[in-house]
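Visitor: Got a structure for you, questions after.
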Amino acid sequence: MRMVFILALLFSPPAWAAGSYGYTPDAGEMLNDAKKLIQNEKYKRAIGKLEKAMRDEPNNADIYNYLGFAYRKSGNYEASGSYYQKALLLDPNHKLALEYQGELFLTLNDTASAEANLERLADLCPKGCGERDDLANAIERHQKAAGSE
């Protein structure tokens, strides 16, 4: 009987292979996975991960910000705008959300709102920051493109 037990242990798949531990990644892991997917322009897959992360951490402004980004890059500007709003409701000083929302405003040809976000970023980082610089450059490119039409 003992030999049968030992053989069963040796030739059975490990418990984790069968999924018996029920491991599910936490919201932080899903957010990091989504960022990697976004870098590879796999926005729909990123949205799926972010929506799962949102269920685990419904008050995480970063999750809403990246949902806004992924939806914007997917062309769903309405959803994008609502997620940026939620991120900024949770954290009014979220610099990346201000930058990305400003870029959404430019996509929608709302330069005044993008400039308002730039002013907010200037208040948040008076000595400069990447988000402020990126949005300023995006506004400049947008205005040049509009002037050449």
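The values are calculated or read from the model by the stated rules, or taken from the named source; none is laboratory data. Every value quoted in this text rests on a predicted model; they were computed, and no experiment measured them. Here the Cβ positions follow ideal geometry from the backbone for every residue, glycine too, while neighbour counts run over all protein chains shown. When the accessible area is computed, the model is the full protein with side chains, heavy atoms only, and any ligands, DNA or RNA have been set aside. Shrake-Rupley method; radii C 1.70, N 1.55, O 1.52, S 1.80 Å.
Visitor: Enter the accessible area per residue of the stretch 41-85 (Å², integer; probe 1.4 Å; all protein chains in place). Present the calculation step by step, with values, prior to reporting the outcome.
Guide: Numbers: 2440 Å² over 45 residues.
About 54 Å² of surface per residue is accessible.
Visitor: Need one number: nm distance between label points at Asn93 and Ser113, each 7 Å from Cα along Cα→Cβ, rounded to one decimal.
Guide: Those two pseudo-labels are separated by 2.5 nm.
Visitor: What are the ³J(HN,Hα) couplings of the stretch 79-89, residue after residue, when phi is run through the Karplus curve with 6.51, -1.76, 1.60 and θ = phi - 60°? Round to Hz, x for glycine and proline.
Guide: 5, 4, x, 5, 6, 5, 4, 5, 4, 6, 5
Visitor: Based on the mean of other beta carbon atoms within 10 Å per residue, what is the order of 109-115, 140-146, most packed first? Write out the running numbers ahead of the final one.
Guide: Details: 109-115: 14.4, 140-146: 11.9.
Result, highest mean Cβ count within 10 Å first: 109-115, 140-146.
Visitor: A follow-up question, please. Can you compute 3J(HN,Hα) from phi for each residue in the stretch 67-78, using the Karplus curve 6.51 cos²θ - 1.76 cosθ + 1.60 with θ = phi - 60°, rounded to whole Hz and x for Gly and Pro?
Guide: For the stretch 67-78, the Karplus-derived couplings read 4, x, 5, 5, 5, 4, 5, 7, x, 9, 6, 5 Hz, x marking Gly and Pro.
Visitor: Please compute the length gained on full extension between Ala146 and Leu124, using 0.36 nm multiplied by the number of residues separating them and subtracting their Cα-Cα distance.
Guide: Numbers: separation 22, 0.36 × 22 = 7.92 nm, distance 2.82 nm.
Net length gain for the segment: 5.1 nm.
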